1. Let me spell out the model: positive unit charges on the Cβ of Lys and Arg, negative unit charges on the Cβ of Asp and Glu, origin at the Cα centre of the chain. What dipole size does that give, in debye rounded to 20?
2. What does the helix-only formula give at 222 nm for the chain: each DSSP H stretch with n ≥ 4 adding -39500 (n - 2.57), the total divided by the residues, and the result rounded to the nearest 500 deg cm²/dmol?
3. Can you give me the C-alpha center-to-center distance between the range 45-68 and the range 87-140, rounded to a whole angstrom?
4. Rounded to the nearest 10 Å², what accessible area does LYS165 show when all protein chains are kept and the probe is 1.4 Å?
5. Could you derive backbone 3J(HN,Hα) for the range 146-153 from the dihedral phi with the Karplus parameters 6.51, -1.76 and 1.60 (θ = phi - 60°), listing whole Hz in sequence and x where the residue is Gly or Pro?
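The values are calculated or read from the model by the stated rules, or taken from the named source; none is laboratory data. Being a predicted model, the structure only gives us computed values, none of them experimental. For neighbour counting, all protein chains shown are included, and Cβ atoms are generated from backbone atoms with ideal geometry for every residue, glycine included. These area figures cover heavy atoms from the full protein model, side chains too; ligands, DNA and RNA do not enter into them. Shrake-Rupley method; radii C 1.70, N 1.55, O 1.52, S 1.80 Å.
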Amino acid sequence: GAVAATVVGHAGRLPKWLGAALAWAGLVAIALSAHYAGDNFPGRNALLPVLGAVAVVIGGASGIGAGHLLGLHPVRAIGRVSYGWYLLHYPPMILWAGVLWTNPLPVHQRLLISAITLGVAFVMYFLVERPIRRSRYLASRPWVSIAMGLSLVSSAFVLAALYHKGF
C-alpha cells in the first residue's frame with residue numbers, strides 16, 4: 001500500500017499500454033492467488049495478491065488500467081462492502097475448520113462461507129455503515145463518533161480478555 005501510494009503520483013507518466021498491462025497483470029495475479037493460496041495464508045502467500053493489488057492501482061492511475069471491468073456495477077457494489085466482507089469472512093472459516101475439521105476446508109465450503117458473509121456484509125453496509133456515515137447528528141458531533149469507536153474497541157478487548165481467561 002505504501003509503495004502504491006508513493007508511486008501512484010508518477011504513474012500518470014506511464015505509457016498507456018504499460019498501465020493497462022500492469023493493471024491486467026495485477027488482476028491475473030489476484031485471481032491466481034485466490035486459486036493457489038494454499039493453507040498457509042496469509043504469510044508468504046499474501047505477497048502475490050498484495051503485489052497484484054499494487055499493480056492494479058498503479059496501472060489504473062495511468063488512465064487506462066482495468067477500469068472497464070472494475071467499473072461494472074456489480075464489481076463496484078462488492079467494492080463498497082469489501083472491507084466489511086473482509087472482516088466477516090475469516091472468523092467463520094477459522095471456526096468452522098477448527099471445530100468441525102482437522103483438515104483444511106474444502107473449496108465448496110469456503111465458497112459457501114464467502115457467499116453467506118458477502119450477504120451479511122451487504123446487510124451491515126445498508127443497516128449499519130451507511131446510516132452511520134450519513135448521519136448529520138454524528139457529523140455535527142465528532143466526539144460522539146470517537147466515543148462510540150472507543151467503546152466498541154474497548155468492548156472487543158474486554159470480551160477477548162474474558163474469553164482468553166476462560167470466562
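1. Working: 12 positive and 2 negative charges, 106 e Å.
So the magnitude is around 500 debye.
2. Values: 9 runs with 125 residues, N = 167.
So the calculated ellipticity at 222 nm is -24000 deg cm²/dmol.
3. For the range 45-68 versus the range 87-140, the Cα centre distance is 24 Å.
4. We get 150 Å² for LYS165.
5. Listing the rounded values in order: 5, 4, 5, x, 5, 5, 5, 5 Hz.
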